[in-house]
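Notes follow once the structure below has been shown.
Every number in this text was worked out from the coordinates using simple rules, so none of it is lab data. Remember, it's a predicted structure, so these values are computed and weren't measured experimentally. Cβ atoms come from the backbone with ideal geometry, glycine included; neighbour counts cover every protein chain shown.
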Amino acid sequence: MRDTVKHQGLRKRLVEVLISKGIKDKAILQAIEKIPRHLFMDSSFEDFAYQDKAFPIAANQTISQPYTVAFQTELLQLKKNAKVLEIGTGSGYQTAVLLELGVKVFSIERQQELFKKTKMFLSKLHYRPKQLIFGDGYIGLEKQAPFDGIIVTAGAPFVPSPLLSQLKIGGRLVIPVGDKTQIMTLYIRKSEKEFEKHELGDFKFVPMLQKKN
Ligand code: SAH
C-alpha cells in the first residue's frame, strides 16, 4: 500500500475541482487532500481514484463521488468531538473523512463481505471509528443515540423514522431520498417534535436495502 508524490499531486487537483464546485469547508478539503483514496478502491481502478467520480467496489457497491462526500459532510456542520452515525460504511472513505474532522464515528454496513473487509482496512490505516456495526441502517443505533449528525450514504426510498428520533435537538440528518435518483435532503431537529427540512438537489446512489430475510 503506497502513497506517492504523484498521488498527492492528484489529490491537490481534486481539491481544486471540489472548490470550483462550491465546497468551502477548510477542514473537509484538508481531509480530502490527506486521505489516500486510491487505497480504498480495487487496485485495478487506482488510476481513477482522484477523478471526481463514484467507482465500483466489492459486493456490487460503490465508493461515493468525492464531491458528494464533501457536500454531505459539509451539510452536517460538525464540531470536534461530535457524535456521528453513518449508514453504509462501504469502502470506509466517508468514514475516514469524518474521522479526519475529529468526530466520533459509528458506522453501519449491511453487506458482511464489505463490513469485514473495511473493518480490517480502516484499522490498517490507523483510522479508529468508535464502532463499526454489521447490521441494518433502517433501525439506526438506538444504544448510542442521540447523535449530532446522521449521514446516509445509500439512496433511501423513504426517511426511516428511527433516524429522525435518534437526532439530538439541533442535530442534522443528511439523507438522499428517492427511487432511481435521489434528492439530497437535510433535516434539522428543532425540538422534540419539530424538524426543518431542506431539499438540496439531485444525486444518484446505490439503493438503501431492506433487511435480508
Ligand atoms: N460511504 C460509502 C458509500 C458506499 S455505497 C463510501 O464512501 O464508500 C452505500 C453503502 O450502503 C453500501 O456499502 C451498501 O451495502 C450500504 N447499505 C445499503 N443499504 C444499507 C442498510 N439498510 N444498512 C446499512 N448499510 C446499507
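Once you order the gyration tensor axes a ≥ b ≥ c over the Cα atoms, which shape class does the stretch 1-79 get: rounded for a/c under 1.5, otherwise prolate or oblate by comparing a/b with b/c?
Oblate, since a/c reaches 1.5 and b/c is not below a/b.
Which FRET efficiency, nearest 0.05, do Lys124 and Ile19 yield, Cβ-Cβ r, R0 30 Å?
The value I calculate is 0.50.
Please name whichever of Gln65, Ile151, Val5 sits farthest to the positive end of the charge dipole of the chain, dipole taken about the Cα centre and charges placed at Cβ: Lys and Arg +1, Asp and Glu -1.
Val5
What is the helix-to-structure angle for 66-76, meaning the angle in degrees between its Cα long axis and the longest Cα principal axis of the chain, kept from 0 to 90 and rounded to the nearest 10?
40 degrees
Please go through the stretch 139-213 and write out the trypsin sites (Lys or Arg not before Pro) that DSSP classes as loop and that have at most 10 other C-beta atoms within 10 Å.
Lys180, Lys193, Lys211, Lys212
Tell me the angle of helix 5-20 to the major Cα principal axis of the chain, expressed in degrees between 0 and 90 and rounded to the nearest ten.
Roughly 40 degrees, rounded to the nearest 10.
If one takes the longest principal axis of the Cα atoms in the chain, at what angle in degrees, from 0 to 90 and to the nearest 10, does the Cα axis of helix 112-124 lie?
Computed tilt is about 60 degrees.
Give me the percent relative contact order of the chain, please, defined on Cα pairs under 8 angstrom at least 6 residues apart.
14 percent
Excluding same-chain residues fewer than 8 positions from Lys143, which lysines have a Cα within less than 24 Å of its Cα?
The qualifying lysines are Lys79, Lys80, Lys83, Lys104, Lys116, Lys119, Lys130, Lys168, Lys190, Lys193, Lys211, Lys212.
Tally the DSSP beta bridges in the stretch 69-203 and give the antiparallel ones as a percent, rounded to 5.
Once the DSSP bridges in the stretch 69-203 are tallied, antiparallel ones form about 40 percent.
Can you give the FRET efficiency to the nearest 0.05 for Phe158 and Ala59, using r as the Cβ-Cβ distance and R₀ = 25 Å?
FRET efficiency, Phe158 to Ala59: 0.60.
Kindly provide the GluC sites (Glu not before Pro) of the stretch 85-129 that DSSP labels as loop, not H, G, I, E or B, and whose Cβ sees at most 12 other Cβ atoms within 10 Å.
Hits after loop and neighbour filter: nothing returned.
Fewest Cβ neighbours within 10 Å first, please rank His38, His126, His198 accordingly.
In increasing order of surrounding Cβ atoms, one gets His126, His198, His38.
Taking a ≥ b ≥ c as the square roots of the Cα gyration tensor eigenvalues, with a/c under 1.5 meaning rounded and otherwise prolate when a/b beats b/c, else oblate, which class fits the stretch 5-203?
Because a/c hits 1.5 or more and a/b exceeds b/c, the stretch 5-203 counts as prolate.
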